[in-house]
1. Kindly establish whether L104 is surrounded by 14 or more Cβ atoms within 10 Å (Cβ to Cβ), touching a Phe, Trp or Tyr at 6+ places or on another chain (Cβ under 8 Å) and hydrophobic (A, V, I, L, M, F, W, C).
2. Checking the conditions here, which among Q89, Q51 is within 14 Å of the chain's Cα centre (by Cα) and modelled with pLDDT of 90 or more?
3. When both residues are 6+ apart or on different chains and their Cβ atoms are under 9 Å apart, which pairs have a first residue that lies in the stretch 81-93 and is farther than 14 Å from I108 by Cβ, and a second that is hydroxyl-bearing (S, T, Y)?
4. Report those helices (runs of 4 or more DSSP H) wholly inside the stretch 40-117 carrying at least 2 residues which are farther than 24 Å from Q9 by Cα.
5. Among the residues of the stretch 1-29, which ones are within 23 Å of C91 (Cα to Cα) and charged (D, E, K, R)?
Amino acid sequence: MGITTIGTQKFRLKGLNKQEDGLNIGAIERIEREGDYKPTKEFTHLVELLQAILDDVNIFGDDEKNFDSAAWISYRFAEILPLRIEDKQKCLEIDDPIIRLNFLEPLIKMIRESSQQ
């Protein structure tokens, strides 16, 4: 079909029905936008790591980068890290960016350690 979408808001799938023609129709519940704030000092090393990664791979322009946003930082890590699908899903379900960074921190450490072996 070649359908392309752009996600603009989180939602929770409440139900799904398959029509006779095979089209799936879902009922959703919109999830309120989470609060956003600067990452706390305890995450300075993660901010610096993400800056280094993004500078290396050059996938975002300078005007797109927002290192003052804990939400933006945590979503970028969820986007680019080689996470197990279960961990990625759990990460994206977390509605607070600081809690999301706390969830990601040990996973990032584990990925870094395994890549250095």
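1. Working: surrounded by 14 or more Cβ atoms within 10 Å (Cβ to Cβ): yes; touching a Phe, Trp or Tyr at 6+ places or on another chain (Cβ under 8 Å): yes; hydrophobic (A, V, I, L, M, F, W, C): yes.
Yes, satisfied.
2. Going through Q89, Q51 in turn, just one is within 14 Å of the chain's Cα centre (by Cα) and modelled with pLDDT of 90 or more: Q89.
3. L92/Y75
4. Qualifying helices (runs of 4 or more DSSP H): 44-57, 97-115.
5. Passing the criteria: K10, R12, K14, E29.
The values are calculated or read from the model by the stated rules, or taken from the named source; none is laboratory data. Quick caveat: nothing in here was measured; it's all calculated off a predicted structure. Cβ: placed from backbone, ideal geometry, glycine included. Neighbour counts: every protein chain shown.
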